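The values are calculated or read from the model by the stated rules, or taken from the named source; none is laboratory data. Source: prediction; values computed, not measured. Note that each Cβ is placed from the backbone with ideal geometry, even for glycine, and that neighbours are counted across all protein chains shown. With ligands, DNA and RNA removed, areas are computed over all heavy atoms of the protein, side chains included. Shrake-Rupley method; radii C 1.70, N 1.55, O 1.52, S 1.80 Å.
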Amino acid sequence: MHWKALTAWRTQALSFKKELTNNLLGLNESLFVAYTQTSWWQTAAASAPFRETNYEPEIFIQFPHDHDKTALKSYKIGLVHQSNGQSVEKSSSWNRAYLSGLFQYGGIIFEPRAWYRLPEDEKTNINEASGDDNPDIHNYLVYGDIKISYPYKKNFFTMLIRNNL
């Protein structure tokens with residue numbers, strides 16, 4: 001029996017969020033820009049430590065929900081672009097609009113997010129930059145996710161769940 005070497009994966013992410021303005025619409029809302037960069041490491045590979053890096057700029061508006069009797073604390077509407085920054089033939093990018101809510105039950109925070117993929121024209125030539133790089137991405141990243149967080153002492157534990165039901 002032969003065993004194949006497994007490639008170990010590890011991710012490293014860098015994120016920031018900056019508030020641009022608040023109460024622009026008179027609803028006590030805040031307008032933000034954010035950026036996340038995620039690098040996927042191949043820790044078992046001898047000469048290629050990075051498998052891929054994804055870039056994810058976004059803009060969103062967050063609205064507070066100030067009613068004490070509900071678990072809903074806020075909701076947000078946003079636009080996000082995600083790309084691996086590769087050249088045309090290896091490019092993987094897509095855009096989406098999303099709606100999410102932030103709910104708190106006791107000490108646990110739930111943040112479900114649903115998105116709509118912004119349509120792109122079908123790619124007619126794989127060597128051209130224009131056109132859809134990922135026509136079937138919804139098969140892998142579906143139409144939403146849920147983040148579950150739990151603050152504990154000086155720590156903040158978070159789990160992201162996605163399933164292509």
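Per-residue answers, yes or no, for (1) of a type in the set (Phe, Trp, Tyr); (2) open to solvent by 50 Å² or more (accessible area, probe 1.4 Å); (3) touching a Leu at 6+ places or on another chain (Cβ under 6 Å); (4) modelled with pLDDT under 75:
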| position | (1), (2), (3), (4) |
| --- | --- |
| 118 | no, yes, no, no |
| 135 | no, yes, no, yes |
| 144 | no, no, no, no |
| 147 | no, yes, yes, no |
| 153 | no, yes, no, no |
| 160 | no, yes, no, no |
| 165 | no, yes, no, yes |
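In the set (1) modelled with pLDDT of 90 or more; (2) surrounded by 12 or more Cβ atoms within 10 Å (Cβ to Cβ), residue 15 fails one condition alone, (2). Scanning for something open to solvent by 80 Å² or more (accessible area, probe 1.4 Å) and within 25 Å of residue 94 (Cβ to Cβ), does the range 22-30 turn up at least one residue? No, the range 22-30 contains no residue that is open to solvent by 80 Å² or more (accessible area, probe 1.4 Å) and within 25 Å of residue 94 (Cβ to Cβ). The lone criterion from (1) aromatic (Phe, Trp, Tyr); (2) open to solvent by 50 Å² or more (accessible area, probe 1.4 Å); (3) at pLDDT below 90 left unmet by residue 94 is number (2).
Scanning the range 52-95 for residues that are more than 23 Å from residue 143 (Cα to Cα) and of a type in the set (Lys, Arg) yields 69, 90.
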